[in-house]
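What follows is a short report on a single structure.
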Amino acid sequence: MSDTFVYYAQLVVDGLAQGAIYALMAIGFAVIMGSLDLVTFTYGEVVMLGALAGGYYGVAILKLGIWLSLLLGFAAAWLVGMFIDVVCYRRWPGGPPEVWLITTIGISTVLKSGSQVLFSTEQEFVPDVMDGMWEIGDLRVLHIQVLIIGVLFFLSASLWVFLGKTRLGMQLRAVSMDKTAAALLGVRVQRVMTIGNAIGCALGGVAGVLLGAYYNSVFAIMGGVAGIKAFAAAVFGGLTSIPGAALGGLLLGVLENLGVDLFSSGWRDIIGFGVMIIVLLIKPSGLLGRKGAEKI
Amino acid sequence: MSEERILETRELSIHFGGLKAVDKVDMWVLRGHVHGIIGPNGAGKTTLFNALTGFLQPTGGRIFFKGVDITGFPSHRAAELGLCRSFQNIKLFKTMTAIENVRVGFHYRLRTTLLDAIFRTRRFREDERLTLERGRELLETMRLGQYADFKAAKLPYGTQRRLEIARALASDPELLLLDEPAAGMNPAETAELSACIRRISAGGRTIVVIEHDMRLIMEICDRITVLNQGLKICEGDAETVRHDPGVIQAYLGRSAG
């Protein structure tokens, strides 16, 4: 293998691992938007709280190991999702959508500032959960990178089966496409929306734990960039399409990494959002999105 | 035929501000009947349906379904009791296939959990078999068998309407409300629809249908209620309604006699 080839292959591998985290965040985001028919602005904070619970308390403080920590992140973010549901959505049923939009912005600020007050304003260290690597020639693949991609595959496959085969999943898809028709077939729309939102948040929480473990740090304002990256990846893939979100996340990760190589690391976020803007200009429905009602 | 009133309204009123969309309507539907609701545009037919299925809160009066007072029940409660409807504007799950649309209608009976689906347990296989077999049967009833794997949005208009009825049937309703099922259909499609409605009726379900296609109404209905400007102006079999001076006046503007 030539050195140049290995060099770029390495960039792609690292990009895929990072992209897998984006993908998981974007999938959660797509599930929430599909269930609620609404963009939420608290998602980044949900990711942050998942990272805080699983990455900091799970891995660093309680030393639960990565699997229990992922579970902790999932559960914590689920609960945060239920809280957001009660505070932001359930209180104003049938109101104008702007109300939800504004309340999610408000709650986002409360969660972020609250975490700074109660947790810390500093970056907190998260120790390595696994430090091994495989070497294929000169190519390095970290164990944690494989873990991240594995978690993405496991969760998206589970989600796929859940949506396609279970009663609740079927109801969730029905609600995402047409709430009126779903209600008429006897679906408890409100309840299904609550659960859809919680599932989406929980996926974001897991992504947060992975983020903390991969970069060895969690901090209270990490949600800002995380939330926008999730949004960018979801837009890339078609906003509410789950395969689209997965593909969008992975591509975004790889593009960012190649771009960082081309320019410098300061350009990382510029590249990410540049991609989003270009996608919106050229194909607003995203890579796998379709015009109209394509939802989860 | 039984004389049980499966559906009954007592002095049902729905007002929008000063507009009396439905005004003190007393009507009932007998179990096993195909019951028509007709009237000129703006007579309050769809508004009446919306109140029956919990989409509108009535201003006054009560609604009874199988003797239970369901006034103001949310839609899903009415559906649980066995009341389902189709819409004037088609409300299918557009990007699902025809068979998937019908399977959503079955969601009540599904017991599969995520673990069942992953490990393909017996419960999962039974659910799959039930929904697929019964789903295909329903599609056949509505003459939709060949469209099972087509995306709903890709189907011709008349076919989409029949699919909507098939989906409603999946929830196994005792009373089916159809809102202008023949709207926009050509005569051949209407004839097919008429045959489908008769088959459903023969299967023991009660059907209430709003329709502008008079030939269809006269053909399939056992009893007909005529509304005009929110008021019930006539009720009876096709013959009675056809010759009622009030009905003729409502449709033609003045007495034909």
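Values as computed for the structure displayed
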| item | result |
| --- | --- |
| Criterion violated by residue B:42 - all others in (1) touching a Pro at 6+ places or on another chain (Cβ under 8 Å); (2) away from chain A (no Cβ under 14 Å) satisfied | (1) |
| Every pair of residues 6+ apart whose Cβ atoms lie under 6 Å, when the first sits in the stretch B:80-101 and is more than 10 Å from chain A (Cβ to nearest Cβ) while the second is buried (at least 20 other Cβ atoms within 10 Å of the Cβ) and assigned to a strand (DSSP E or B) | B:88/B:179 |
| Tally, over the stretch A:118-172, of residues that are in a loop (DSSP other than H, G, I, E, B), loosely packed, with under 14 Cβ neighbours inside 10 Å and at the interface with chain B (Cβ under 10 Å from one of its Cβ atoms) | 0 |
| Selected residue [more than 14 Å from chain A (Cβ to nearest Cβ) and buried (at least 23 other Cβ atoms within 10 Å of the Cβ)] from B:195, B:191, B:182, B:166 | B:182 |
| Count of residues meeting criterion [under 26 Å from residue A:41 (Cβ atoms), touching a helix residue (DSSP H, G or I) at 6+ places or on another chain (Cβ under 6 Å) and facing chain B (nearest Cβ under 9 Å)] in the stretch A:177-202 | 2 |
| Elements of type strands (runs of 3 or more DSSP E) contained in the stretch B:155-254, each with 2 or more residues being more than 12 Å from the chain's Cα centre (by Cα) | B:223-228, B:231-236 |
| Per-region count, the stretch A:59-102, residues in a loop (DSSP other than H, G, I, E, B) and either within 30 Å of residue A:127 (Cα to Cα) or not basic (Lys, Arg) (or both) | 9 |
| Selected residue [more than 17 Å from the chain's Cα centre (by Cα), modelled with pLDDT under 85 and farther than 23 Å from residue A:78 by Cβ] from A:287, A:258 | A:287 |
| Filter result for residue A:217 (over 28 Å from residue A:59 (Cβ atoms) and hydroxyl-bearing (Ser, Thr, Tyr)) | no |
| Residue match in the stretch B:110-117 (condition: more than 12 Å from every other protein chain (Cβ to nearest Cβ) and either outside any loop (DSSP other than H, G, I, E, B) or under 21 Å from the mean Cα position of the chain (by Cα) (or both)) | no |
| Tally of residues being acidic (Asp, Glu) and over 22 Å from residue B:157 (Cα atoms) across the stretch B:187-240 | 5 |
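The values are calculated or read from the model by the stated rules, or taken from the named source; none is laboratory data. Every value quoted in this text rests on a predicted model; they were computed, and no experiment measured them. Note: ideal-geometry Cβ built from the backbone for every residue, glycine included; neighbour counts use all protein chains shown.
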